[in-house]
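Beneath this line is the structure, given in structure tokens, with notes to follow.
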Amino acid sequence: MHLYRKMKEAINHLQERYLNEKKAKELIESELNNTQHRLMRMQQENRKLQEYVHDIKRKHESIDNKLSIYEIEKQKSVEEVYELQQQNNHLQNLQRSYLERINSQVKDLSRLKVLAEYYSSSKHDFKYEHRKYIITIVEKVGLLIKKLLVMGNQKVRRVKVIYEIKEILARYESCFYRNNFKLDPDARRILERINVYLEKWENFYEGYKWNAKPVEVRGVNYLEELLQELRYLSLYKRFEKYNKKIVEVNVLYQILKSKRKLQNNYSLKRFNGEIKMLAKQRYINLEKYIINRVFPGEIYTVLKAFYEIEYNFKMLKTYGMYHLFYVYGDSHNNTVKVGVTKQNLSNRYMKAEESYKDHFPAHMLREIKVIKSLNALNLESYVKRKFKQQRHPLFNSTEWFLLTKSELKYFLNDEYKQDADFMKIFNYKLDM
């Protein structure tokens, strides 16, 4: 019994110990689970914290970059402020310099005004009323140029204003010629520079790309400076008179008609057309006869010069256009080719020979006569009329002729020198 009791106590003790250990194990497992759950939550929180720290770090880097840019911009701004201060100081110095110059010019203007009033009272100088007229023109042009700057996209109206400016400046120019004065060289230089800008503006607003430029502030400012200079010299400079009488075309016509330099049936309309054509041609310099203008307008002429020339518009129109009258031909078949050139005879010969060989491949075209004359074109016209009935039937041209042996001597034996009408054209000279 005693042993049984001890065994039972031992068993109870073991059972109690087992239960205690089981409870302890359950407690440990429960605690372990709780710890794992807390660990997982801590890991999640740690990840969130890491992400938050990363975001903060990225924002910090962005702020650093912005701060760096700001520092650079701040440094640039400081430098720009410094440059502006330097420029401002420079401008202030220039302003002081300009004020001194203006004060000096005011004194000069006062002195020059007295001189201008004195000179304008003399019959040998531009009258003051004419000066006031051209100054009014200069001021009007200045207003129109400013108007061009504020016309937006009105291209057609801009072109009309540019035309108007040219017409007004033509009146400025005509005021000199009308009063028998030469256009002042400095005024001409200014007008030519203004015309360059007007041409570029006109081309731009008419849709051309070559030599075209829109109206801009810089260009307008430049023209205003030119106009200011033009106004100054228009008011105070002494101008040079022509030593010969200058007359407008209509007046020239009436004088020439009264002096019987023109035929009775020669109309004013035809006369005007001929003079306009002469003023435009560039084969010779007609400045001795017709005033060379900057802006198109009334045509003015030198009266004495037209008195001194043989008044033949046909020869005037073509004088100097060509320098050589040539005759190529073949005496074996009496074929002749006439023509004119400025100087390139070899090229004309090759072309004539090519045409000749098409009809006469076995024959040779030779140079028969070359006559130097500034009236070469009229010589050719005269010869074409003279041999009009002898045009060559094989050539569809007014320059090829089939002459008789006797007619061929006109060129071969220089018989043209006995032709009074031919020699009148040949001897015609426009004394330049």
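The values are calculated or read from the model by the stated rules, or taken from the named source; none is laboratory data. Everything numeric here is computed off the predicted structure, so don't read it as measured data. Counting neighbours? That spans all protein chains shown, and the Cβs are built from the backbone with ideal geometry, glycine included. The protein model used for the area step is the full one, side chains on, heavy atoms only, and it has no ligands, DNA or RNA in it. Shrake-Rupley method; radii C 1.70, N 1.55, O 1.52, S 1.80 Å.
Before moving on, here are some points about what is shown:
- Residue range of the chain that is longest and free of GluC sites (Glu not before Pro) which are both DSSP loop and sparsely packed (at most 16 other C-beta within 10 Å): 1-205
- The stretch 342-418 and the stretch 143-169 have Cα centres lying 55 Å from one another.
- Cα-based Kirkwood hydrodynamic radius, the stretch 217-364, one decimal, Å: 20.2
- Rounded percent of accessible protein surface that carbon and sulfur make up, the stretch 2-109, 1.4 Å probe: 56
- Just so you know, the Rg over Rh for the stretch 53-100 is 1.50, from Cα atoms, with Rh as the Kirkwood radius.
- Against the main long axis of the alpha-carbon atoms of the chain, helix 249-258 sits at an angle near 0°.
- Per-residue SASA entry for Arg231, accessible area with 1.4 Å probe, Å² rounded to 10: 80
- For the stretch 236-270 and the stretch 293-319, distance of Cα centres in Å: 9
- Whole-Hz couplings from phi, Karplus 6.51/-1.76/1.60, listed for the stretch 162-174; x for Gly and Pro: 5, 4, 4, 4, 4, 4, 5, 5, 5, 5, 4, 5, 5
- With DNA, RNA and ligands ignored, accessible area of Ser258 (1.4 Å probe; Å², nearest 10): 80
- The chain: Rg to Rh, with Rh as the Kirkwood radius over Cα pairs: 1.56
- The Rg/Rh ratio for the stretch 162-256, using Cα coordinates for both the radius of gyration and the Kirkwood hydrodynamic radius, is 1.07.
- Measuring between alpha carbons in the structure, the pairs from Lys342/Lys405; Lys280/Lys388; Lys337/Lys424; Lys140/Lys166; Lys269/Lys314; Lys314/Lys337 lying more than 20 angstrom apart are Lys342/Lys405; Lys280/Lys388; Lys337/Lys424; Lys314/Lys337.
- Per residue, the stretch 204-318 exposes 61 Å² of accessible surface when a 1.4 Å probe is rolled over the protein heavy atoms with every protein chain present.
- Helix-only CD estimate at 222 nm, as mean residue ellipticity for the chain, using -39500 (n - 2.57) per DSSP H run (n ≥ 4): -22500 deg cm²/dmol
- Share of carbon and sulfur in the accessible heavy-atom surface of the stretch 190-293 [1.4 Å probe, %]: 47
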